[in-house]
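The values are calculated or read from the model by the stated rules, or taken from the named source; none is laboratory data. All values reported here derive from a predicted model rather than from experimental measurement. Cβ sites come from the backbone with ideal geometry, for glycine too, and all protein chains shown count toward neighbours. The area values use the complete protein model at the heavy-atom level, side chains included, leaving out ligands, DNA and RNA. Shrake-Rupley method; radii C 1.70, N 1.55, O 1.52, S 1.80 Å.
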Amino acid sequence: MYHSKITGLGYYVPDNIVTNDDLSKIMDTNDEWIQERTGIQERRHVNTPEETTTSMGVKAAKVAIERAGLATDDIDFVIFATLSPDYYFPGPGVLVQRDLGLRTVGALDIRNQCSGFVYALSVADQFIKTGMYKNILVIGSEVHSRGLDMTTRGRGVSVIFGDGAGAAVLSRTEDTSKGILSTHLHSEGQYAEELALVAPGMGKRWVTDIIKDNNPEDESYYPHMNGQFVFKNAVVRFSEVIMEGLQANNLQVSDIDMLIPHQANLRISQFIQQKFRLPDDKVYNNIQQYGNTTAASIPIALTEAWEKGKIKEGDVVVLAAFGSGFTWGSVIIRW
Ligand code: UT7
């Protein structure tokens, strides 16, 4: 019987800081609106062609592998979560295998947006529990900035998202009191279009027509979000899935040592914190600095919290996410 344990964590964000004031110069928005509604003060945007979802993921992964005390040859499998892959296909998993010079290990791409890292950890956990793999590299990385509508038309979405990457190495342990205790995954596809980027996709149109149209007014190339509807669902599902995870392990809210919610909106995190009556030092948020980095937000926040000494051996750490799909999930960890 095995458990999987996070043995290494790393993150990477581009140097280029974009403040709310910077955005207000290119669209009709302002610092006050963004901070009041989202808590975001600034975010990172890639500003060199070399920086991609894969390249940032690779940088984060190198740190995580080193901190795990492993060599690249020790990695048995790669799982990469993103909604902003370098290519339509193949996904970035194989690019990581190439760029890190890994053995010809399997590489899996996860398409679960804001819940991507939680889904990825769950998949990795199953592979380790069955004994199939010993060390799995799990990455969440996003380049949003190249795909956002940076005009006033897109302001309801574009001010929220940022670029960055985070990575974790999951390793086999025989100590079944530690590591990932359980994962809980959900979806509700009837709301798929409430937060979606529908093009490029093969759903309704021929690629030749899309090329012929070449229409800059075509909004389907930008993410669409029904913000208030997403917000309302998020607060309900976050709460449910955290409780589901705690109950599955006979834990109480008071047992939580650190809650790392997906950084969707500071108001969502604060709502959850108040609902569970958690003190400030038991919830980690960094959306103020990075915006919403989707699949990267949990591994970046987890790495930062760990680096700051906020997570200690034996702690109960809860990860929870909600986003496009809708998909949501939680991971309960005994550190
Ligand atoms: O990570 C994936 C999951 N995503 C989420 O969880 C996001 C959930 N939703 C949200 O965080 C919030 O709904 C938003 C932050 C996206 C929007 O906040 P809101 O309080 O729901 O605002 P709203 O969309 O209802 O817009 C209110 C007003 C509108 O103007 P009118 O119609 O009242 O005149 C918008 O046009 O704010 C306007 N607005 C803006 N104003 C300045 C929308 N975006 C902006 C902006 N700057 N960037």
message = So for region 7-16 (the condition being in contact with a His (Cβ under 8 Å, 6 or more places away or on another chain) and open to solvent by 20 Å² or more (accessible area, probe 1.4 Å)), does at least one residue qualify?
response = yes
query = Of all residues in region 13-34 being in contact with a helix residue (DSSP H, G or I) (Cβ under 7 Å, 6 or more places away or on another chain) and among the β-branched types (Val, Ile, Thr), which is farthest from the ligand (Cβ to nearest atom)?
reply = VAL13
ask   = Which condition breaks for PRO200 when tested against (1) away from the ligand (no atom under 16 Å from the Cβ); (2) loosely packed, with under 15 Cβ neighbours inside 10 Å; (3) modelled with pLDDT of 95 or more; (4) under 25 Å from the mean Cα position of the chain (by Cα)?
value = (3)
note = Subset of region 17-33, residues open to solvent by 40 Å² or more (accessible area, probe 1.4 Å) and not hydrophobic (A, V, I, L, M, F, W, C), comes to THR19, ASP21, ASP22, SER24, LYS25, ASP28, ASN30, ASP31, GLU32
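I need the full set of residues from region 131-147 which are within 14 Å of the ligand (Cβ to nearest atom) and either open to solvent by 30 Å² or more (accessible area, probe 1.4 Å) or free of Cβ contacts under 8 Å to residues at least 12 places away in the same chain (or both), in order please. Steps first, answer last, please.
Restricting attention to region 131-147, the residues satisfying the condition of being within 14 Å of the ligand (Cβ to nearest atom) are 140, 142, 144.
Scanning region 131-147 gives no hits.
Buried (at least 16 other Cβ atoms within 10 Å of the Cβ) and not assigned by TED's automatic domain parsing to the domain that holds CYS114: is that true of LEU170 in this structure?
Numbers: buried (at least 16 other Cβ atoms within 10 Å of the Cβ): yes; not assigned by TED's automatic domain parsing to the domain that holds CYS114: no.
No.
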request  = Give me a count of the residues in region 113-130 that are within 11 Å of the ligand (Cβ to nearest atom) and touching a Phe, Trp or Tyr at 6+ places or on another chain (Cβ under 7 Å).
outcome  = 2
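Rundown of residues vs (1) among the small types (Gly, Ala, Ser); (2) within 15 Å of the ligand (Cβ to nearest atom); (3) in a helix (DSSP H, G or I), yes/no style:
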{"site": "ASP149", "(1), (2), (3)": "no, yes, no"}
{"site": "ARG153", "(1), (2), (3)": "no, yes, yes"}
{"site": "VAL157", "(1), (2), (3)": "no, yes, yes"}
{"site": "ALA168", "(1), (2), (3)": "yes, no, no"}
{"site": "SER177", "(1), (2), (3)": "yes, no, no"}
{"site": "ILE180", "(1), (2), (3)": "no, no, no"}
{"site": "THR183", "(1), (2), (3)": "no, no, no"}
{"site": "HIS186", "(1), (2), (3)": "no, yes, no"}
